[in-house]
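Visitor: Take a look at this one; I'll ask things after.
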Amino acid sequence: MKTFAVVIALALASPALAQTPDIAASKSLWEGNNLFCKNCHGKTGEGAMGPDLAGRGLSASQFQQEVRKPWGVMPAFTTEQISDAEIAGLTAYFASLPKVAEPAAWRVPLAPEMPPGQQAYVSQGCAQCHGATFDMPRATFGGRNTDFATMKDLVYNHTTAMPKFEEQRPGSRLRMGNFNVLRLTEAQLKEIYDWAKNDLGFRPELRAELAPSAGTTYALNVTNNGEPGKGLTAQGVIIDVVVPAGATVTATTGDGYKGVHMDEKAKGNVAEWQVPRIAPKDAKAFTVTLSQAPANSADLKGTVRWAKPGPKSVPNNDVVNFAMRPPAR
């Protein structure tokens with residue numbers, strides 16, 4: 001009865017919402033990678049840093065208002081990012097769920113020992129998607145030597161600024177909304193920028209892709225996507241490919257191969273290459289041939305680490321993780 005009432009309310013609210021929402025499709029949308037709302041609101045809408053949604057009995061108009069013109073620190077999302085019909089579906093999906101007794105923990109909690117810039121970063125919600133140490137944006141910024149004016153534009157006008165800043169994959173959605181300068185102030189944003197650039201330090205913009213080549217040979221390409229003259233050069237680069245259980249390495253190509261050794265973090269053997277430096281727009285190609293294919297393609301994965309530049313105020317845990325990409329269909 002509760003779900004039926006919500007559906008009727010949706011139909012009356014707007015012609016765009018008149019169709020009966022597909023709750024299963026809405027559940028998939030929420031749990032998938034096109035939206036990152038769950039990072040703040042919980043995997044099943046139970047709440048975390050953001051308020052709970054499950055079983056709240058929100059109307060479609062209330063839900064839509066919160067998405068388009070939110071209160072608090074939540075950014076605003078456009079119809080290109082999430083449509084009115086998708087909002088209607090999510091309203092019905094959450095109406096079908098029981099209300100939770102208490103919210104989940106924050107994905108990245110505040111801690112008293114955090115420096116002020118990181119505290120601002122976490123308290124404004126940024127860390128719930130970008131992680132405790134802002135890894136991906138630090139790499140993107142490091143690839144372009146991004147200044148504060150550009151960061152401001154990306155945060156306050158994300159939906160128009162981001163496509164100009166970085167080429168978007170066809171069919172992909174921008175998953176971050178536009179922050180309100182009255183709620184995330186310019187002073188707070190500058191504190192976050194200074195922490196990321198001066199305390200941690202920007203990262204080289206490294207990317208790694210591992211894909212099948214021929215038989216049991218796999219090709220690994222490591223690229224520095226930074227802009228020449230602006231981007232950071234990675235120095236002392238170590239590239240490890242995990243050797244799946246039951247397999248051995250029979251051949252490799254690529255400069256700097258150091259052999260196979262046991263790695264505690266990987267909890268198994270890794271094939272390792274060491275490269276002195278990878279400058280912006282440099283690309284390094286490697287292959288590894290195994291005695292047999294892995295039982296699970298996800299078992300073929302690895303990491304790229306570098307000695308310099310590294311974080312200035314914390315241990316150097318910067319890493320690029322990669323896993324085998326399935327062959328094109």
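Visitor: Being of a type in the set (Ser, Thr, Tyr) and not in a loop (DSSP other than H, G, I, E, B) is the filter here; which residues of the stretch 229-265 pass it? Give the steps one after another, and end with the answer.
Guide: Within the stretch 229-265, the first condition is being of a type in the set (Ser, Thr, Tyr), and the residues that meet it are 233, 248, 250, 252-253, 257.
Answer for the stretch 229-265, where residues must be of a type in the set (Ser, Thr, Tyr) and not in a loop (DSSP other than H, G, I, E, B): 250, 252, 253, 257.
Visitor: Another question about this same structure. So residue 199 passes all but one of these: (1) modelled with pLDDT of 95 or more; (2) touching a Lys or Arg at 6+ places or on another chain (Cβ under 7 Å). Which condition number does it fail?
Guide: Looking at each condition in turn, residue 199 falls short on (1).
Visitor: Is it true that residue 117 is surrounded by fewer than 19 Cβ atoms within 10 Å (Cβ to Cβ) and either within 25 Å of residue 197 (Cα to Cα) or of a type in the set (A, V, I, L, M) (or both)? Outline the logic, then answer.
Guide: Working: surrounded by fewer than 19 Cβ atoms within 10 Å (Cβ to Cβ): no; either within 25 Å of residue 197 (Cα to Cα) or of a type in the set (A, V, I, L, M) (or both): yes.
Against the criterion (surrounded by fewer than 19 Cβ atoms within 10 Å (Cβ to Cβ) and either within 25 Å of residue 197 (Cα to Cα) or of a type in the set (A, V, I, L, M) (or both)), residue 117 does not qualify.
Visitor: Quick one: count up the residues across the stretch 264-281 that are in contact with a strand residue (DSSP E or B) (Cβ under 8 Å, 6 or more places away or on another chain), surrounded by fewer than 17 Cβ atoms within 10 Å (Cβ to Cβ) and among the acidic types (Asp, Glu).
Guide: So the count comes out to 0.
Visitor: Report whether or not residue 245 is small (Gly, Ala, Ser), within 21 Å of residue 120 (Cα to Cα) and not assigned by TED's automatic domain parsing to the domain that holds residue 70.
Guide: Values: small (Gly, Ala, Ser): yes; within 21 Å of residue 120 (Cα to Cα): no; not assigned by TED's automatic domain parsing to the domain that holds residue 70: yes.
Against the criterion (small (Gly, Ala, Ser), within 21 Å of residue 120 (Cα to Cα) and not assigned by TED's automatic domain parsing to the domain that holds residue 70), residue 245 does not qualify.
Visitor: Kindly provide the set of residues from the stretch 95-132 that are under 17 Å from residue 176 (Cα atoms) and not in a loop (DSSP other than H, G, I, E, B), ordered by number.
Guide: 121, 122, 123, 127, 128, 129, 130 - these are the residues of the stretch 95-132 that are under 17 Å from residue 176 (Cα atoms) and not in a loop (DSSP other than H, G, I, E, B).
Visitor: Restricting the stretch 242-274 to residues that are of a type in the set (A, V, I, L, M) and in contact with a Ser or Thr (Cβ under 9 Å, 6 or more places away or on another chain), which is farthest from residue 222 (Cα to Cα)?
Guide: First, the residues of the stretch 242-274 that are of a type in the set (A, V, I, L, M): 242-243, 245, 247, 249, 251, 260, 262, 266, 270-271.
With the extra rule that they be in contact with a Ser or Thr (Cβ under 9 Å, 6 or more places away or on another chain), the set shrinks to 242, 247, 249, 251, 260, 266, 270-271.
On the way: 242: 16, 247: 23, 249: 20, 251: 19, 260: 19, 266: 19, 270: 17, 271: 15 Å.
Here the answer is 247.
Visitor: Would you kindly identify the helices (runs of 4 or more DSSP H) lying entirely within the stretch 1-83 that contain at least 2 residues that are modelled with pLDDT of 95 or more? Let's see the steps before the verdict.
Guide: On the way: elements: 2-13, 23-31, 38-41, 60-68.
Fully inside the stretch 1-83 and qualifying: 23-31, 38-41, 60-68.
Visitor: Being assigned to a loop (DSSP other than H, G, I, E, B) and buried (at least 18 other Cβ atoms within 10 Å of the Cβ), is that true of even one residue in the stretch 185-202?
Guide: From the stretch 185-202, those assigned to a loop (DSSP other than H, G, I, E, B) are 185, 201-202; that's our starting set.
Among the residues that remain, those that are also buried (at least 18 other Cβ atoms within 10 Å of the Cβ) are: 201-202.
Yes, the stretch 185-202 contains a residue that is assigned to a loop (DSSP other than H, G, I, E, B) and buried (at least 18 other Cβ atoms within 10 Å of the Cβ).
Visitor: Could you tell me which numbered condition residue 209 fails, if it satisfies all but one of (1) in contact with a strand residue (DSSP E or B) (Cβ under 6 Å, 6 or more places away or on another chain); (2) in a loop (DSSP other than H, G, I, E, B)?
Guide: The single condition residue 209 does not satisfy is (2).
The values are calculated or read from the model by the stated rules, or taken from the named source; none is laboratory data. These numbers were taken from a predicted model, which means no experiment stands behind them. Neighbour counts are summed over all protein chains in view; Cβ atoms, including those assigned to glycine, are modelled from backbone coordinates with ideal geometry.
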